[in-house]
1. Are there chymotrypsin sites (Phe, Trp or Tyr not before Pro) in the stretch B:237-339 that DSSP marks as loop and that have at most 10 other Cβ atoms within 10 Å, and which are they?
2. Inter-copy label distances at residue A:106, 7 Å along the Cα→beta-carbon direction, one decimal in nm, shortest first?
3. Might you report the magnitude of the Cβ-based charge dipole of the stretch B:32-142 about its Cα centre, with Lys and Arg at +1 and Asp and Glu at -1, to the nearest 20 debye?
4. All other residues with a Cβ under 11 Å from the Cβ of residue A:133 taken together, and with Lys, Arg as +1 and Asp, Glu as -1, what is their net charge?
5. Let me understand chain A better: what is its radius of gyration from the alpha carbons, and its Dmax, in angstrom?
6. Based on Cβ point charges of +1 for Lys and Arg and -1 for Asp and Glu, what charge dipole magnitude is obtained for chain A about its Cα centre, in debye rounded to the nearest 20?
7. If we hang a label 7 Å off Cα along the beta carbon direction at residue A:196, how far is it from the matching labels on the other copies, in nm, shortest first?
8. Write out the GluC sites (Glu not before Pro) in the stretch A:100-129 meeting two conditions: DSSP loop, and at most 15 other Cβ atoms within 10 Å of their Cβ.
Number of protein chains: 2
Amino acid sequence: MRTRAASSKPTIRDVAAEAGVSIATVSRALNGRAPIASETAKKVQAAVQALGFRANRTGRELRAGTSRTVGVLVPSLANPVFAESVAGIQDAAREAGWSVLIASSAYEAERENQAIEHLLSHRVGGLVLTVADADRSATLDGLDREGMPYVLVYNQPDRADRSSATIDNIAAGRDATRALIAAGRTRLAMVAGRFAASDRSKQRYRGFGEALAEAGLSQVALIELGFDAPEVDGPTRRLLTGPDRPTGLFCSTDLLALRVMALLREAGLRVPDDVAIVGFDGIPVGRLTAPSLATIAQPSHEMGRRAFLHLLARIEGAAPERILLPYELRPGGSLPPGR
Amino acid sequence: MRTRAASSKPTIRDVAAEAGVSIATVSRALNGRAPIASETAKKVQAAVQALGFRANRTGRELRAGTSRTVGVLVPSLANPVFAESVAGIQDAAREAGWSVLIASSAYEAERENQAIEHLLSHRVGGLVLTVADADRSATLDGLDREGMPYVLVYNQPDRADRSSATIDNIAAGRDATRALIAAGRTRLAMVAGRFAASDRSKQRYRGFGEALAEAGLSQVALIELGFDAPEVDGPTRRLLTGPDRPTGLFCSTDLLALRVMALLREAGLRVPDDVAIVGFDGIPVGRLTAPSLATIAQPSHEMGRRAFLHLLARIEGAAPERILLPYELRPGGSLPPGR
DNA sequence: TGACGAACTGAAAACGTTTACGACGACGCC
DNA sequence: GGCGTCGTCGTAAACGTTTTCAGTTCGTCA
């Protein structure tokens, strides 16, 4: 029996000494994995209380070889849509007794890799993440090689071996565009962030194109805006506000849509009279602007939740699954109602 | 020398065997804490490459007794202002080679405690957190008792023994209110969330009251709105839109300000002509609304950064510090310029 | 030449936990 | 009465790392 400095944290040994049993018995009493005499259990509980013992997860993890911690990687927490999916993951993880280790990539491939490397060194049980391009990602290839389970959020991969929880981006892009067409707009364009950094943008663009095709419209203009730069360059501005400007805009992100609305307002154009707008994501502030933002509302919180739960299943050995959740075209003042 | 399954992750032992040295040498070569022959270092590097070795943090942490991981607790990730401070913490942590474990309290005291308990069981090196009331918090009392270092964000405690990184909420509330008065408004009110859940709201309210007093105005109306409930009840609505309605509103949060603006708009009132509004936080979307939102802009990202850096110092033994960062009254269309 | 320090390396202990294995008593059954 | 079974518990090993301690081999200086 060892003595210990009062300042240091009590370990399972101290509890065992206090309760007059072995450390194995303490461990069993705490985890309930084996039969324990109820009297012994009481003594252990009392000792735990007396010492203020809190099991050290590090020891447990080292022994178990895994950590009941999920690594989460998002492009940025500044976008409310990602923050909300993290909140969903967080909630589900808490309920399951898991912890959440977080990292962000800032939309950069190198940081993506570094972050994953960092998370893996923690021996996380699995990962929930959003990457630039789910079908060709060196990061994901690496995870596959290592046999590390993961589930994608927002990404909608073609490959059936990559788990994901998302909405149908192509169909949603189509629906958004159909709504613009139903509102009588024929000169349409899509506004995206950095196209290369987002496979979802591409999928939404595909849906956009399909809706145009089925309506016999040919213009498939794409206007790229860039996530970070708060300034919009002259040519882009003219494209949006010049004489040949579109009368309907599908924006691949709500934040983008709000920026565009502000830009149009500065230029003296009215939404939706001069330009109708549909966004994508369904962030809460979209309801509060004037006019309010019509958008494709994703169930971000639920997506995070489902992603985590599916990750748990994958860790238990379940097959990969591509979970498609329902989305909704949320009406708003930026889009006149269809005829 | 042991053999191992090819599927399992390589350990430092495998590297040692591959390089033909001892595990101690591998450890030293990897951490650079002791002199190593350059030739030996090369062999180790080669073995690391060959095996794809990644040091297991769990083992390191167990041995070290601490974890180079910071626990972060925020009320909610849904509010962009908290998400941004987390991003700041995240950035600083990454640069320092630390990891971020995240939890949220949903503004509930019990969840606050549970979350802290959870983070502590990970043996985090310290905590960065935002609590309901920094001066009387059972959670913080517990941390003090355990000698666990922490730094508060957004909270601005009176007690000198509690570290924090924040702005001067009282002064900011005063400045916001002075701006409303300078704009010629005399019937003023403050709108807050759940007052009890936010010491900062109280501090801002105090600044509000001080500004009214110095201008010889007596009305110190407080309108409580509630964070979660999207609906505003009838009495509150009448207070905001009735005949005796205020002509200037100071909102303790930008999200609240945006909700109020939407509510006034529904009621047919014009901002800023009928009611001038100043918010608090400086969330980016505030620039994009029509009219744009005048607000007290907090350096949220920087606050998170500084909080983490100060936490590192505290862990090294530095004394507690209450860091006050500069804020800015950001002009916006919701507030007519002062005379 | 001998002593001494510097550079480098290895053996082994330690961090806190879980768990395989074995031991012990009590009990039921033939 | 012997034997297996069940419930309960303790001993000790193991997880992967860092670090102390103790060498060994050099070069250098008196």
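1. Numbers: sites: B:250, B:280, B:308, B:327; in loops: B:327.
Hits after loop and neighbour filter: nothing returned.
2. Label-point separations across copies, in nm and ascending: 3.4.
3. The dipole magnitude comes to about 980 debye.
4. Charge balance in the 11 Å sphere: -1.
5. 25.8, 86
6. Rounded to the nearest 20 debye, it is 1140 debye.
7. 5.5
8. A:108
We did not get these values from a lab; they are worked out from the coordinates using the rules stated. Remember, predicted model here, so these are calculated numbers, not experimental data. We place every Cβ from the backbone using ideal geometry, glycine too, and count neighbours over all the protein chains shown.
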